[in-house]
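Q: Let me give you the structure first, and then I'll get to my questions.
The values are calculated or read from the model by the stated rules, or taken from the named source; none is laboratory data. Predicted, not measured: the structure shown is a model, and the values here were computed from it. Quick reminder, even Gly has a Cβ in these numbers, built from the backbone with ideal geometry, and neighbours come from all protein chains shown. Remember, those area values only see protein heavy atoms, side chains included, never the ligands or the DNA or RNA. Shrake-Rupley method; radii C 1.70, N 1.55, O 1.52, S 1.80 Å.
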Amino acid sequence: MDAHSLARRTLLQQGGASLAGVALLQSSFLARAFPSRPGEEVIPWLDQPPDNPSGGVVENLPRWEELSSWLTPNDKFFRVAHYNKPVVDEKTWKLEIGGLVKQPMTLSLPALRARLRKEVVFTLECSGNHGFPWFTSGIGTAKWAGTPLAPLLKQAGVAAQGTEVVFFGSDAGEEEVRQIKMAQHFARSMSMADAMNSNNLLCYEMNGAALPQAHGFPVRLIVPGWYGIANVKWLQRIEIRDSRFMGRFMARDYVTIREEQRDGEAVWMESSVGRTLLKSVPAKVTRRSNEHRIVGAAWGRPIARVEVQIDQGPWMAATISRAVDAQGNVQPSTADPRIAKKRTYWESNGQDTRQLRLA
Ligand SMILES: Nc1nc2c(c(=O)[nH]1)N[C@H]1C(S)=C(S)[C@@H](COP(=O)(O)O)O[C@H]1N2
Ligand SMILES: [Mo]
């Protein structure tokens, strides 16, 4: 088979999407990914990522070509934990809602489960994904179930000056800033307007099972449309405040530092990692008799289309895929200043190159 016939026979994942899949594609929270067909063989990538050196911070990274469903099974779903991984007793667990509210609340797990239940299918990606050669599958799609956050905040009665919502996990570690040592819980915040989004869930179920311990049992925050870091696990306390929260995961780590141009002058922009960016990857190349197919995933924004570029050389290597969103924005190439002038590893949504050999 030559490169021409490969290109001709190459189909992107739209070809394999079921009608149900196509309907789901309208959602901006969902990756378009890899249905598999009977009798097809997966051609392994030559450029397998190196071993994960993170020492337990990042775990359970799947190989893209092993995934065969739109939803990522819980046992193939990546995990990130920056501190300890608390084992929480659901009998004594309580969620507090406090700070600038008229009616502070304490909720048990049965009390949360008794509230309105909502499901959302959302693709969760770590913003560090593709920031290192070993970190290329820090992403998964699940059907998350829980109770919407907004009605609870309304019930607690946010005071007029309450503008910031801080979510604390029960996991904690020691931080040192300006020679001040402090024990800190994992915490992230959002503006009140962002927190009130009706898709946000206090989530207790993942793909139909109780939220697994490693994914934040008994309750985590799920904020569709945001990078992984905003989806606080092992949730313990929600606090309404009147000023920006500047903890490690808002203002020191998960800060993207990028050089930008303003009228010929280089300026440095530092921004907190927030909403997901447009991205795609080639997930696997399959063969069924003489037909090859490149199957990929695209996510982060409503996707209009995905394009793939294949080398014309003798190795017939499939290389770059890129996504185009509904507004016509194209996933940046790695030479684009948005990627090339970025000095921290988060938010690496550049076009992804993979290598394989077709025998
Ligand atoms: N409490 C707490 N929540 C957390 C984290 C953490 O370390 N502690 N890590 C965050 C990061 S960086 C990511 S990418 C996601 C990963 O979610 P997962 O482990 O369920 O895949 O959880 C987020 N929520
Ligand atoms: Mo992350």
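Q: Taking the stretch 322-341 only, how many residues are of a type in the set (Val, Ile, Thr) and part of a helix (DSSP H, G or I)?
A: 1
Q: Find the strands (runs of 3 or more DSSP E) located wholly in the stretch 157-222 whose residues include 1 or more that are more than 20 Å from the chain's Cα centre (by Cα), within 16 Å of ligand 2 (Cβ to nearest atom) and among the aliphatic types (A, V, I, L, M), and list them.
A: By residue number, no strands (runs of 3 or more DSSP E) qualify.
Q: Does the stretch 255-311 hold any residues that are of a type in the set (S, T, N, Q), open to solvent by less than 20 Å² (accessible area, probe 1.4 Å) and over 16 Å from residue 352 (Cβ atoms), and which are they? Don't jump to the end; show me each part of the working.
A: Applying the first criterion (of a type in the set (S, T, N, Q)) to the stretch 255-311 yields 256, 261, 271-272, 276, 280, 286, 289-290, 309.
Narrowing the set further to residues that are open to solvent by less than 20 Å² (accessible area, probe 1.4 Å) leaves 256, 276, 280, 286.
Once the filter is applied, which keeps residues that are of a type in the set (S, T, N, Q), open to solvent by less than 20 Å² (accessible area, probe 1.4 Å) and over 16 Å from residue 352 (Cβ atoms), the stretch 255-311 yields 256, 286.
Q: Here are some conditions: (1) in contact (Cβ under 8 Å) with a residue 24 or more places away in the chain; (2) more than 16 Å from ligand 2 (Cβ to nearest atom). Residue 111 meets all but one. Which one does it not meet?
A: (1)
Q: Something else about it: Report, ordered by the first and then the second residue, all pairs with beta carbons closer than 9 Å, sequence separation of six or more or different chains, a first member in the stretch 49-73 that is closer than 17 Å to residue 206 by Cα and at pLDDT 95 or above, and a second member that is open to solvent by 60 Å² or more (accessible area, probe 1.4 Å) and of a type in the set (D, E, K, R).
A: 60/75; 60/76; 60/79
Per-residue answers, yes or no, for (1) closer than 23 Å to residue 187 by Cβ; (2) surrounded by fewer than 16 Cβ atoms within 10 Å (Cβ to Cβ); (3) away from ligand 2 (no atom under 16 Å from the Cβ):
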{"site": "66", "(1), (2), (3)": "no, yes, yes"}
{"site": "121", "(1), (2), (3)": "no, no, yes"}
{"site": "127", "(1), (2), (3)": "yes, no, no"}
{"site": "147", "(1), (2), (3)": "yes, no, yes"}
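Q: Just give me the residues in the stretch 228-254 being more than 13 Å from ligand 1 (Cβ to nearest atom) and closer than 27 Å to residue 345 by Cβ, in sequence order.
A: 244, 245, 246, 251, 252
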